[in-house]
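The values are calculated or read from the model by the stated rules, or taken from the named source; none is laboratory data. Quantities reported herein were computed from a predicted structural model and do not represent experimental measurements. Virtual Cβ from ideal backbone geometry, glycine too; neighbours counted across all protein chains shown. For the accessible areas, the whole protein counts, side chains as well, though only heavy atoms, and no ligand, DNA or RNA atoms are used. Shrake-Rupley method; radii C 1.70, N 1.55, O 1.52, S 1.80 Å.
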Amino acid sequence: MYNLKVVVIGAGIGGLTTGIALRQAGFEVEVYDRVRELRPAGAGISLWSNGVKVLNRLGLGEKMAQIGGQMDRMQYLTKTGELLNDIDLQPLVEEVGQRPYPVARTDLQQMLLDAYPGEVKLNHKCIGVEEGAQGVTAIFENGHRATGNLLVAADGIHSILRQYVLREEIQPRYGTYVNWNGLVPASEDLAPKNSWAIYVGDHKRVSMMPVAGDRFYFFFDVPLPKGTPVNPDYQTDLAQHFQGWAQPVQLLIERLDSSTTNRVEIHDVGPLNGMVRGRVALLGDSAHATCPDLGQGGCQAMEDGLVLTQCLLTTNLGVEYALQRYEAERKERTGAVVQKARKRAEMIHGSDPDITQKWYQQLAHEDPTDVTKAISKVILAGPLH
Ligand code: FAD
């Protein structure tokens, strides 16, 4: 199809990637976001090879390589610092054909904004949608209306357009743990600069991975009841949660800056029964917010954007037909990733303590290629295998 106008709600990873892909395909695009200033939620993200391949397809591979960290190995350690497993990622890279990149979210967002050949319309909060035979109109709180041939609802985990598409309200589900994340200067007394270091114990996790600018993207996971009161002094909180853990973990807590560290209660959404209604398509977290335990939520949003664009380009049977094809290609894949990530989140964070204990033991004896094969299986099930 040609000459389509697409209204995109949300300028996160999903909305921006989709905007770029649609513009490159020759469609007219308007991207709207409710915020006054775009600031990424969270400090870093690991883009696995399936996400990076989408960026390659959009001509952003070289830029991605400049902002991505050099992650050659994964090292699992006990809470007291004994090495459980040291996994060379090269076999993975060779199997899937692209290295993964941990990246600071501000760098990724800036790269996507630079690549989007238009202006994101900020301060536009979408509050509803109206569909007709020829088009669909997004309605904004400030009175603006934007009409297009289709509307992409990339409005995140708390999507207001999800209810319209599904005809029912779906609340995000609490993943039973809290995640603190941020950036610190990279340093060898914290972790090797080319490795992803992961400390595990007591159903908790501490992670450091390299990103550009000689920095580590770090996170801490602690299982906690939903709504646990927030202590804004994260260092004191973390020092208590990780008392007695290895020296690099203590150094990390000392060096992090509480004021730039994020604290997130992890939630997910799905699998959903559908992703489209008429001329409206859910995309990214609005359709399948995913526990970060596979590092796949953002990658899936990127895959969505590419597949949606392909579906529009490769049919002349109309927008509604193209969106049905999009749903058929994406629903199963993204639903499976949501479920797999949730299962992994439960395993890591002690939903069943016996299973977590077995995982700790398995890590010590696991053949590193079994780990890379499991990761490559998820990557190769994507549209750009
Ligand atoms: P969002 O990034 O949430 O963007 C939605 C946008 O819509 C926002 O800009 C918002 O302002 C806007 N919006 C919302 N409502 C409206 C409205 N009514 N009108 C207008 N605009 C609106 N993924 C990975 O691939 N790898 C990882 O390593 C990884 N780590 C993660 C770690 C953590 C702690 C978390 C929480 C997530 C992680 N993810 C990871 C998941 C990833 O961050 C998300 O899947 C991804 O950011 C989703 O992008 P999105 O564009 O769908 O949604």
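Residue-by-condition table, conditions (1) more than 23 Å from ASN181 (Cβ to Cβ); (2) surrounded by 16 or more Cβ atoms within 10 Å (Cβ to Cβ); (3) hydroxyl-bearing (Ser, Thr, Tyr); (4) within 17 Å of the chain's Cα centre (by Cα):
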| position | (1), (2), (3), (4) |
| --- | --- |
| ARG263 | no, yes, no, yes |
| ASP268 | no, yes, no, yes |
| ASN273 | yes, no, no, no |
| LEU282 | yes, yes, no, yes |
| ASN316 | yes, no, no, no |
| TYR321 | yes, no, yes, no |
| GLU327 | yes, yes, no, no |
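Only one of (1) farther than 25 Å from GLN357 by Cβ; (2) assigned to a helix (DSSP H, G or I) is not met by MET209, so which one is it?
Status for MET209: all satisfied but (2).
Kindly indicate whether any position in region 223-246 is touching a Leu at 6+ places or on another chain (Cβ under 6 Å) and buried (at least 16 other Cβ atoms within 10 Å of the Cβ).
no
What's the number of the condition GLN171 fails, among (1) under 21 Å from ASP285 (Cα atoms); (2) out of contact with any Gly (no Cβ under 6 Å at 6 or more places or on another chain); (3) open to solvent by less than 70 Å² (accessible area, probe 1.4 Å)?
(3)
Say whether the condition of being in contact with a Leu (Cβ under 6 Å, 6 or more places away or on another chain), among the aliphatic types (A, V, I, L, M), more than 20 Å from THR290 (Cα to Cα) and surrounded by 16 or more Cβ atoms within 10 Å (Cβ to Cβ) is met by at least one residue in region 363-378.
Among the residues of region 363-378, at least one is in contact with a Leu (Cβ under 6 Å, 6 or more places away or on another chain), among the aliphatic types (A, V, I, L, M), more than 20 Å from THR290 (Cα to Cα) and surrounded by 16 or more Cβ atoms within 10 Å (Cβ to Cβ), which makes the answer yes.
Just to be sure, is VAL264 within 12 Å of the ligand (Cβ to nearest atom), β-branched (Val, Ile, Thr) and in contact (Cβ under 8 Å) with a residue 12 or more places away in the chain?
Yes; evaluated as a whole, the condition is true for this residue.
How many residues does region 126-166 hold that are more than 11 Å from ALA287 (Cα to Cα), open to solvent by 50 Å² or more (accessible area, probe 1.4 Å) and in contact with an Asp or Glu (Cβ under 7 Å, 6 or more places away or on another chain)?
1
Looking at region 46-60, is at least one residue touching a Phe, Trp or Tyr at 6+ places or on another chain (Cβ under 8 Å), modelled with pLDDT of 95 or more, open to solvent by less than 60 Å² (accessible area, probe 1.4 Å) and over 21 Å from LEU308 (Cβ atoms)? Reasoning before the result, please.
Here is the first cut: in region 46-60, the ones touching a Phe, Trp or Tyr at 6+ places or on another chain (Cβ under 8 Å) are 46-47, 52.
Still in the list and also modelled with pLDDT of 95 or more: 46-47, 52.
Among the residues that remain, those that are also open to solvent by less than 60 Å² (accessible area, probe 1.4 Å) are: 46-47, 52.
Restricting the remaining residues to those that are over 21 Å from LEU308 (Cβ atoms) gives 46.
Looking for residues that are touching a Phe, Trp or Tyr at 6+ places or on another chain (Cβ under 8 Å), modelled with pLDDT of 95 or more, open to solvent by less than 60 Å² (accessible area, probe 1.4 Å) and over 21 Å from LEU308 (Cβ atoms), one finds at least one in region 46-60, hence yes.
Restricting to region 107-133, what's the tally of residues that are near the ligand (Cβ under 9 Å from one of its atoms) and part of a strand (DSSP E or B)?
2
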